[in-house]
Amino acid sequence: LDAQGGAQVRGVDSIGDVDDPLSILRGLTGASGAVACMSGKRDVIVGDPKLSAELSYSDPFVGNMTGSGCLVATLQASFAAAEKSCPEETFPQYFTSAVAGLAYMSAAARLAHLRLHELEGDSQHARLLSAGSGPAYTYRNHLFDGFATLTPALLRSLFPPLTLTDER
């Protein structure tokens, strides 16, 4: 990723943002035929070189949490298991589950963010967390609580803005 525009890898975590995630992901899907996604300031999912989705809500706290990408992949795998039972696919296999996993993570992260501000009552705590210091497990716990409390109605109301580009 470093050669592709600025992000670096540290263990399981990437640091920074790439300049053009869409081009990188289109190259990956074109070469492999797989669905590819990248999270960051905006989450980008590519199903094939002419099909992509972008979610514009991304909580900055998630990026400071080690293993958040692994957590998203687990959510996507859970949705993929359900997607296999769908009789008709409009999109390439696993594209919908990749979008759903990132959207579910974003909605839970939004709940965690709101809960953190509600309980802590000050933005100083949030700034410390976003800078990578302070009680990081407080946010992680709120995130997991968010997963547990998301109902279909709540998920619809918190669903991040989605841009779908389908040039197939």
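The values are calculated or read from the model by the stated rules, or taken from the named source; none is laboratory data. Everything numeric here is computed off the predicted structure, so don't read it as measured data. Glycine also receives a Cβ, built like all others from the backbone with ideal geometry; neighbour counts cover every protein chain displayed. Keep in mind that these areas ignore ligands, DNA and RNA; they rest on the heavy atoms of the full protein, side chains included. Shrake-Rupley method; radii C 1.70, N 1.55, O 1.52, S 1.80 Å.
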* From Leu28, Leu1, grab the single residue that is at pLDDT 75 or above, open to solvent by 70 Å² or more (accessible area, probe 1.4 Å) and over 16 Å from the mean Cα position of the chain (by Cα). => Leu28
* When only residues in the stretch 131-155 that are in a helix (DSSP H, G or I) and modelled with pLDDT under 85 count, which is least open to solvent (accessible area, probe 1.4 Å)? -> Tyr139
* To do: Only one of these is under 22 Å from Asp166 (Cα atoms) and either of a type in the set (Gly, Ala, Ser) or over 10 Å from the mean Cα position of the chain (by Cα) (or both): Ala77, Ala34, Ala82. Name it.
  => Ala34
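Listed here are the residues, each with its yes/no results for (1) under 11 Å from Ser39 (Cβ atoms); (2) among the polar types (S, T, N, Q); (3) open to solvent by less than 70 Å² (accessible area, probe 1.4 Å).
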| residue | (1), (2), (3) |
| --- | --- |
| Ser52 | no, yes, yes |
| Val62 | yes, no, yes |
| Met65 | no, no, yes |
| Ser68 | yes, yes, yes |
| Leu71 | yes, no, yes |
| Ala77 | no, no, yes |
| Glu83 | no, no, yes |
| Glu89 | no, no, no |
| Gln93 | no, yes, no |
* Those residues of the stretch 45-63 which are touching a Leu at 6+ places or on another chain (Cβ under 7 Å) and modelled with pLDDT under 90, in sequence order -> Phe61
